[in-house]
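Please read the structure below before turning to the comments.
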Amino acid sequence: MNKKCGKILISGFSNAGKSSLINFFLKKKVSIVSHKVQTTNQKIRAILNFKSNQLIFVDTPGIITNKRFFNKIMSRSLLEEFDTCDLNLFILDSSKVINENELNKINNLVSNFKINFLVLNKIDLIQNEKIVQLISDINKKINFSETFPISVKKKIGIDILLQKIIKNIPKKDWIFTENDLVDNDLKFQLSEITREKIFKFVNKEVPYSVKINTTFEKLNKLVKVNQIISVKKNSQKAIIIGKAGQKIKHIGTDTRLEMEKLLKKKVFLDLKVSFQPKKT
């Protein structure tokens, strides 16, 4: 059987559903999902081994329009992937209005690739005639290879998208073994679970500067996980802990349950918050 292997860049504006799409393909949470801006803060390579095909997805930070969250390192992460990708999937939230400036950003991005798929996510939120009009308007200004209306939430159109991706990747040997799922270690996955729960319970900007140090020990019937959440300001520490420790309690409970799903074992979680001031 002839094998195929391709690297696919997942690009687009924040919260369009990039991470959710990857997670749907793999049927397992590998990329942090939250309603806040810029939730994916480093590249995550997710691998889908499907029949004779291997798809390597790169989930990147979104293109940020809010200058407050703009980070040069995050933006460069897109550029670093261009030369090695066979295909660019640009994910767009079809329920949101696109302005001229955003169209120019999209055009600048897709010009770097031979094959660009426009993926209009969340079509379950708008009427069919608006979807048709949106496809027409965008493709008049930007030269996408193909357009795919989908809804990750409602599981619409994803099988067709997957078939087209496979059709457009090259014939070559697989890069990763069949047992590989994510090109990140378990410590990173456990840290990202905690980061997602911080996004869920903390409504301020604290998570963008949070660092999570994770260690773990696998025992017979459970996994002991120790995590230190490091923040830059003492006020941020207070926000995460919450009144009478209620917020950190909720974060810890949700985190532990998510970890148990991943590890398929009981988890003992020791979660601490540390204030680490900048060195002068």
Amide H contacts under 5 Å for V273, restricted to residues at least 5 apart in sequence or on another chain and with H modeled in the peptide plane, are I229
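Indicate, rounded to the nearest 5 percent, the antiparallel portion of the DSSP beta bridges found entirely in segment 186-275.
Restricted to segment 186-275, the bridges split so that about 45 percent are antiparallel.
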Within segment 142-177, whose backbone N sits under 17 Å from a point 7 Å along Cα→Cβ of F82?
-> 143-144
Rel. contact order, % - alpha carbon contacts under 8 angstrom, at least six apart, segment 186-275 | 34
Extended-chain gain in nm, criterion 0.36 nm per residue less alpha-carbon gap, Q133 and F275 = 46.0 nm
3J(HN,Hα) from dihedral phi, segment 133-145, Karplus parametrisation 6.51/-1.76/1.60, rounded to Hz, x for glycine, proline = 5, 5, 4, 5, 4, 5, 6, 6, 9, 10, 8, 7, 5
Do the alpha carbons of any pairs in K140/K197; K155/K197; K96/K164; K187/K233; K51/K211; K4/K27 sit beyond 32 Å of each other, and which pairs?
-> K140/K197; K51/K211
Points 7 angstrom from Cα along the Cβ direction at K167 and K153: gap in nanometres?
-> 2.9
Point-to-point label distance, N108-Q246, nm (Cα→Cβ direction, 7 Å offset) = 4.5
Whose amide H sits under 5 Å from the amide H of I150, counting only residues 5 or more places off or on another chain, with H placed in the peptide plane?
-> L120, N121, K122, I123
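Read the figures in this text as sums done on the coordinates, not as results from a lab. Keep in mind the model is a prediction, meaning the values are calculated, not measured. All Cβ positions, even for glycine, are placed from backbone atoms using ideal geometry, and neighbour counts span all protein chains on display.
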